[in-house]
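Working notes, beginning with the structure itself.
The values are calculated or read from the model by the stated rules, or taken from the named source; none is laboratory data. The structure presented is a predicted model; accordingly, all values stated were derived computationally and were not measured. Counting neighbours? That spans all protein chains shown, and the Cβs are built from the backbone with ideal geometry, glycine included. Surface accessibility is based on the protein's heavy atoms, side chains included, excluding ligands, DNA and RNA. Shrake-Rupley method; radii C 1.70, N 1.55, O 1.52, S 1.80 Å.
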Amino acid sequence: MGTSTVCYRCNRRYQDDNQVRCECGEPLWFDDDLAGFDLSSPREMTGLWRYAAALPDLRPEGIAAAAGQTPLLRSPRLDQVAGCRIYVKDEGENPTGSYKDRGSAVAVSHALQQETDAVGTVSYGNMAMSTAAHAASLGIDCVVLVPTDTPASRLELIAQYDPTIIQVEGEYGKLYNEVLDLNRELPISFLLSDAPARIRGYKTALFEIYEAMAPDTPDAIALPASSGGFASGIWRGILEFQNAGVIDTPPRLYLVQTAASDPITRAYIADQDEVSALEAEAVGETIAHSIGNPNPPSGTRALTAVRQTGGAVCSVTDADIQKAQRQFAQRGGLCVEPASATPLAGVRQLTSRGEIDEDETVVLLPTGTGFKEMGTGDVSIQTNTLSRSVLSSQLASLLSS
């Protein structure tokens, strides 16, 4: 397995596997070759490490060993909602409840191999929790940079893993580029949303989908889009499978954003080749805060993935998201965070306008559990109070009605 990285756009190569971005400005990823890869081969390891042939020569330790191998569920009761045949890849089953564990499992292990003094990240959500948890399980110091307005409830979720939490004043969105400089100045490996090692971990979700569905294949995959990192990982997996001859026709990628902050959607609708950052006045409040990214660092790469696979990008409102959350729970038995509900709402939008046919198979990728996000939905709570003496008769009446 090589250690060189490459730019998807200009093909410039780098031997520094800690470099995140190309001189052209676009993000890098590892140039892995899966020649001879066989999905049906026996697996010696579990989790995402079952694809050792597609990963660096790392030894999974700590909770990294438990990342990946999330269930792929056939969910026929969601078919009517979505307007097509639905499978659900539940990423909330990862160790800290989100797909970020795939990236952290590989990226933190990679940093440990590089003999780093500490790891860090810029996040006040799932990536912060995941990075801190993986570092804690390995005994590595962790630094998390968060904005000053981060709610106390979210800080508590991060703090349980005992990282150093630093609230940074000023425009939080500018931290990404500033941290790239810090990576070179300090003995801290800042594992940002689109670090090449994270992308390497994210691609394993695509591998698992194909292995679980074999010999069938999905027509499309739908997922939330924020930084564009997860979409990049899924696309990287598709390209590696195509190059290795594992698949002939790629699944269409459908990305769904919150309407409150949707720069990738806007670029797609405007038929632009690059994603531009939104001005502050164009950004609204949303319950799907984890994907409310007005300046996605891998937005253009994610948009390119959509165009090259024949997919689309769309946006959904908070009302759409809350409705989809209820449908995930009441029809699929799944508790998902607001951002994770967007693929269901988005696919419904796409089928209603004829971009997805009713007989096609679509895999939804809810990226995180909703058990960390209680209070963001609009669930109506109804209860009855009964005497124990009439409980049996009342239940019998309920069942006969």
Legend entry - Distance in nm between pseudo-label sites at ASP79 and ASP117 (7 Å out along the Cβ direction from Cα): 5.9
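Sum up the lysine pairs in the chain that clear both bars: alpha-carbon distance under 16 Å and a spacing of 8 or more or different chains. Before the final figure, lay out the partial values.
Numbers: LYS89/LYS100; LYS89/LYS203; LYS100/LYS203; LYS100/LYS372.
Step by step, the pairs that qualify in the chain add up to 4.
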Legend entry - Label point distance in nm, SER276-GLU185, each placed 7 Å from Cα along Cα→Cβ: 3.1
Inset, instruction - Roll a 1.4 angstrom probe over the protein heavy atoms and tell me the percent of accessible area of the range 9-119 that is carbon or sulfur. - result: 42
Inset, instruction - Specify which residue in the list CYS142, LEU78, ALA260 is farthest towards the positive end of the charge dipole of the chain, using unit charges on the beta carbon of Lys, Arg (+1) and Asp, Glu (-1), about the Cα centre. - result: LEU78
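Probe of 1.4 angstrom, ligands and nucleic acids ignored: what's the accessible area per residue over the chain, in square angstrom?
Working: 17680 Å² over 401 residues.
About 44 Å² of surface per residue is accessible.
Need the full-extension length gain, ARG307 to GLU169, defined as separation in residues times 0.36 nm minus the C-alpha distance. One decimal, nm. Don't jump to the answer; show the numbers that get you there.
On the way: separation 138, 0.36 × 138 = 49.68 nm, distance 3.73 nm.
Extra length available between ARG307 and GLU169 comes to 46.0 nm.
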Inset, instruction - State, to one decimal in nm, how far the label point of ASP141 lies from the label point of SER41, with both points 7 Å from Cα in the Cβ direction. - result: 4.0
Inset, instruction - Might you work out the accessible area of SER389 for me, using a 1.4 Å probe with all protein chains in place, and round it to the nearest 10 Å²? - result: 100
Legend entry - Estimated vicinal HN-Hα couplings, Hz - the range 182-199 in sequence order (Karplus 6.51, -1.76, 1.60; Gly, Pro = x): 4, 4, 8, 9, 10, x, 10, 8, 7, 9, 6, 4, 10, 4, x, 5, 5, 4
Inset, instruction - Of the options GLY47, CYS10, ALA152, report the single residue whose Cα projects farthest towards the positive end of the charge dipole of the chain (beta-carbon charges: Lys, Arg +1; Asp, Glu -1). - result: GLY47
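Of the GluC sites (Glu not before Pro) in the range 75-152, which ones lie in a loop per DSSP and count no more than 11 other C-beta atoms within 10 Å?
Listed in order of number, the matching sites are GLU115.
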Legend entry - Residues GLN15 and ARG326, FRET efficiency given R0 of 51 Å [Cβ-Cβ distance, rounded to 0.05]: 0.50
Inset, instruction - Return the carbon/sulfur percentage of the accessible area of the range 125-228, one whole number, probe 1.4 Å, all protein chains in place. - result: 48
